[in-house]
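Participant: What follows is a structure written as structure tokens; I'll ask about it next.
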Amino acid sequence: MRHLMSPLDFTTEELDRLFDLANDIERTPGKYAHSCDGRILATCFYEPSTRTRLSFESAMTRLGGQVIGFSDAASSSASKGESVSDTIRIISCYADICAMRHPKEGAPMVAAEKSEIPVINAGDGGHQHPTQTLTDLLTIRSLKGRLDHFTIGLCGDLKFGRTVHSLINALVRYEGIRFVFISPEELRVPDYITDMLKEKQIPYEEVIRLENVMPDLDFLYMTRVQKERFFNEEDYIRLKDFYILDTAKMALARKDMLVLHPLPRVNEISVEVDDDPRAAYFRQARYGVYVRMALILTLLNII
């Protein structure tokens, strides 16, 4: 039995096979429409989610399986004090695979240690978001044809953004990646990330102004400033609109640059950018379903 706690749980060769499967699902969905007949996915979401939870549910439904679960800790026995360990023991009696979102870092790992079914980390605090990273990697590979030799700018909340941390850790395994970190001083990428990049001799730079680096980027990965990660409202209000990507900034970018965003967005990408062919974030959301379908099949040993 295998779990997914981090994107690094899969080798790059295994990721290639997973992405090949996801692309085949995209091309020939009918071939997989009954692959999970009789199987059940439990979505245990202790924290609000739209895209991640619904994309998991869509993925399992498209594979012919069924879904049970909860979308809020208040609607689970956690509100009565039940531990994650006990919850997963019970879920193991009801389902074949579980996707868990939790505000506490490491909670899905605790569940995996006690589980009798595969557990997928669907986001734990500000720590990891591996299936979003798989989505990001599949999007990049599908739209650019490769996962190496490009410059990616990551913009916004680089301190608390689990999607950013997961993506950086995944991309350092590929050759020729250069990072540009774009954030206010208060939301800079954590030291353990930059220390790791220095140790691996992977080039990066940290800047504050997005306009200064737009012409250098192959990808711009925008993120929202996350209100739920702030300790006080005043800091959030001061930083929430620090970056807004609009058509004027897009005019500075390369013709083939692509804009990614894990979503949801608030104000950081103007709706006027949606019509730009370089805006790839809604395509990215679609790839999230394909990669989660491939992941479910892989962890259940169906493919």
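The values are calculated or read from the model by the stated rules, or taken from the named source; none is laboratory data. This one's a predicted model, so the numbers in the text were calculated from it and none came from an experiment. Quick reminder, even Gly has a Cβ in these numbers, built from the backbone with ideal geometry, and neighbours come from all protein chains shown. Quick note on the areas: whole protein, heavy atoms, side chains included, nothing else; ligands and nucleic acids left out. Shrake-Rupley method; radii C 1.70, N 1.55, O 1.52, S 1.80 Å.
Participant: Do the conditions hold for residue 303, that is, is it among the β-branched types (Val, Ile, Thr), at pLDDT 95 or above, assigned to a loop (DSSP other than H, G, I, E, B) and surrounded by fewer than 19 Cβ atoms within 10 Å (Cβ to Cβ)?
Facilitator: When the stated conditions are applied, residue 303 does not pass them.
Participant: Let me ask something else. Restricting attention to helices (runs of 4 or more DSSP H) lying wholly within the range 1-103, give those where 2 or more residues are in contact (Cβ under 8 Å) with a residue 12 or more places away in the chain and over 29 Å from residue 169 (Cα atoms).
Facilitator: 84-94
Participant: Ok, one more. Test of understanding: among 141, 101, 146, which residue is at pLDDT below 95 and either of a type in the set (Val, Ile, Thr) or closer than 30 Å to residue 12 by Cβ (or both)?
Facilitator: Going through 141, 101, 146 in turn, the sole match is 101.
Participant: Can you confirm whether residue 291 is closer than 19 Å to residue 53 by Cα, touching a residue at least 24 places away in the same chain (Cβ under 8 Å) and open to solvent by less than 20 Å² (accessible area, probe 1.4 Å)?
Facilitator: In short, yes.
Participant: Looking only at the range 189-210, which residues are open to solvent by 30 Å² or more (accessible area, probe 1.4 Å) and either among the hydroxyl-bearing types (Ser, Thr, Tyr) or closer than 17 Å to residue 278 by Cα (or both)?
Facilitator: 192, 204
Participant: Determine whether the range 10-21 contains at least one residue that is buried (at least 16 other Cβ atoms within 10 Å of the Cβ), more than 17 Å from the chain's Cα centre (by Cα), modelled with pLDDT of 95 or more and not small (Gly, Ala, Ser).
Facilitator: yes
Participant: Report whether or not residue 243 is among the aromatic types (Phe, Trp, Tyr), in a loop (DSSP other than H, G, I, E, B), surrounded by 13 or more Cβ atoms within 10 Å (Cβ to Cβ) and at pLDDT below 95.
Facilitator: yes
Participant: Please indicate, with yes or no, whether at least one residue in the range 211-234 is in a helix (DSSP H, G or I), crowded, with 19+ Cβ neighbours inside 10 Å, touching a helix residue (DSSP H, G or I) at 6+ places or on another chain (Cβ under 8 Å) and at pLDDT 90 or above.
Facilitator: Looking for residues that are in a helix (DSSP H, G or I), crowded, with 19+ Cβ neighbours inside 10 Å, touching a helix residue (DSSP H, G or I) at 6+ places or on another chain (Cβ under 8 Å) and at pLDDT 90 or above, one finds at least one in the range 211-234, hence yes.
Participant: Checking the condition in contact (Cβ under 8 Å) with a residue 24 or more places away in the chain, closer than 30 Å to residue 220 by Cα and surrounded by fewer than 23 Cβ atoms within 10 Å (Cβ to Cβ), which residue from 114, 144 passes?
Facilitator: Of the residues listed, the single one that is in contact (Cβ under 8 Å) with a residue 24 or more places away in the chain, closer than 30 Å to residue 220 by Cα and surrounded by fewer than 23 Cβ atoms within 10 Å (Cβ to Cβ) is 144.
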